[in-house]
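Quick notes on the structure that follows.
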Amino acid sequence: MKFRLIYIVFALFTTSLLAQIEFKTKISKHKLGVNQRLRVEFTINQQGGDHFAPPSFRNFEVLGGPSQSVNQSWINGKSTYSQSYSYIVSPTRKGNLTIGGATIEYKGKRLTSNPVSVAVVDAVELPKNPNDPDYIANQNVHLEALVSKTTPYVGEGIYVEYRLYFSTKIAISDFDFKELPEYKSFWNQEIKVEEYEVKQGKYKGEDYRYFTLKKTVLIPQKSGKLSIEPIKADLIIGVPTGRGDFFGNPITRNIRKSFKTFRKTVRVKPLPLEGKPADFIGAVGDFKLDVHTSKPSLKANESTQLKVAISGRGNLKLFEIPKVITPQELEVYTPEHKENVRTSVSGIKGLKGEIYDQYTLVPQYKGKYKIPPVSFSYFNPVEEKYHTLVSDDLFVNVTEGKELMTNSEKLVGNNKQTVVATNETFKYIQTKTVFAAEQQEDFFKSKLFYLLLLLPLLAIPVAIVIGKKKKARARDLIGNRTRKADKLARKYLSQAKKQLGKKEAFYIALEKALHNYLKAKLQIETSEISKERIEELLSEKGVSSDSIASFVAVLDDCDFARYAPVTSVMMKEEYAKAKEVITKLDKQL
């Protein structure tokens, strides 16, 4: 009875202690504008909390955190304790949004804080505090998307240039892209920015410095109202503090702030029907047609190259070269298609260079053969009219070789002839045989006989060893899962491995491999792939937050590395990191 009483007292004491544990979520405000920030704080009132994990912050962007703080005090002999994890977030859309609870472990038990709701309304006018770093940055930094032409024709090349304007009062030390447009209904190709050259320019009539972050050639694929999605970049900005150092130089403070361009609208005009040639295949630009052979004269069974080339500026990669019709007497091989094209932002926008098909012709008979003219039509958006180019007649002159038979000669050649038998006709048929079985060695008691006799006995211990290894491997569930995941990672990353050493190709292949893996595992489309969506889906599948963060970090590295100097060693490290993160994800999925 005494021990039972002690047990009851101890249980009540433990329950009262656990009841005092609080793990709460607090926010700085419950209503804010879509352009404002919010402080989120997760607090536990008992010492010993471990393995803190924040919520996914869906529909919010994390601008800072976590920052930890501990507060402990003694008042009138009573001890109070609190440990907090703080984040600064910004909403990404309007509406009634929910911030989920965070989790933490306390004495082996997992605690979850309360979710909170936030009402996000339209952007509000921020207070004009000349000493506030955010206000200074907003007044002196502007990210703009400049479109070369907002009313192009279908197939006409335009380009969009993203410029970062900043005043002389602040400095930009670094940036990275957080959101990139997909350019839906546009064919697009990026123009590589070799260096970020700072230039002088005007922004809304005032003097600013600027440099180009990104430039892309766009070719609309359909008519109508098309949108160019915003681009979002995080900047490290040096903002003046209003104080000076010992020598009077202004002291600056670095802050990280996101800027986003406005959505741009392009109204694409359809190509006119009036004057449209029957052989028009979608070429838009300013082009030239060239058709020639490498050797106009040759002998039978020699080869010559027939080249059909289209050069100029426009949508060179988006149409087919017209086919060549050759005489039946010329043997023609499948043409080899080649492109020598680069992007262009001057004159007619789009692609500049040459595309061509090269045929190999091999004549069989002597003679002179005519290759009919080749016709090619295109639309010039500057002149707003169609043009048709026609090549000259080509002749292939075969000077030596067999004469081409006429129809009458072919008929004569097909007449049947009488076969005359002679004594020599069947002399190749053998009429005598030799029985060779007596010459063969007796198999019984031979070396091969004894070897085959002992082979099953030797195979038994080998089979036992192999069987044991297979059983041990089958029981090793973790090892099998690891090997399977590792094999899957190598499969998806095979193309990226081939591109090691080629910076742009490697990171494009690496990013594509990660996207393809997600598409296969989570059954999602490419249009659904975004960092927030990835985090949400993987969390729902029970993937740990560390693995999710590692996966998203590799994706971020792919975006950042295209615009930063990268070595072969760094590429190999990135490949190893991607392989490791896919292996981890697959084991958990």
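The values are calculated or read from the model by the stated rules, or taken from the named source; none is laboratory data. Remember, it's a predicted structure, so these values are computed and weren't measured experimentally. Cβ placement follows ideal geometry from the backbone for every residue including glycine, while neighbour counts extend to all protein chains displayed.
One table, with the values for the structure above:
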read-out	value
Residue within the stretch 382-391 that is among the acidic types (Asp, Glu), loosely packed, with under 11 Cβ neighbours inside 10 Å, touching a strand residue (DSSP E or B) at 6+ places or on another chain (Cβ under 8 Å) and modelled with pLDDT of 75 or more present	no
Hits in the stretch 57-107 - residues which are more than 24 Å from GLU536 (Cβ to Cβ), outside any strand (DSSP E or B) and either among the acidic types (Asp, Glu) or in contact (Cβ under 8 Å) with a residue 24 or more places away in the chain (or both)	LYS107
Subset of the stretch 46-60 (residues that are at pLDDT below 85 and surrounded by 14 or more Cβ atoms within 10 Å (Cβ to Cβ))	GLN46, GLY49
Per-region count, the stretch 67-101, residues in contact with a Gly (Cβ under 7 Å, 6 or more places away or on another chain) and not polar (S, T, N, Q)	2
Among residues of the stretch 182-208, those that are in contact with a Lys or Arg (Cβ under 7 Å, 6 or more places away or on another chain), surrounded by 15 or more Cβ atoms within 10 Å (Cβ to Cβ) and free of Cβ contacts under 8 Å to residues at least 60 places away in the same chain, counted	1
Any chance VAL543 is assigned to a loop (DSSP other than H, G, I, E, B), more than 29 Å from LYS192 (Cβ to Cβ) and either modelled with pLDDT under 80 or of a type in the set (A, V, I, L, M, F, W, C) (or both)	yes
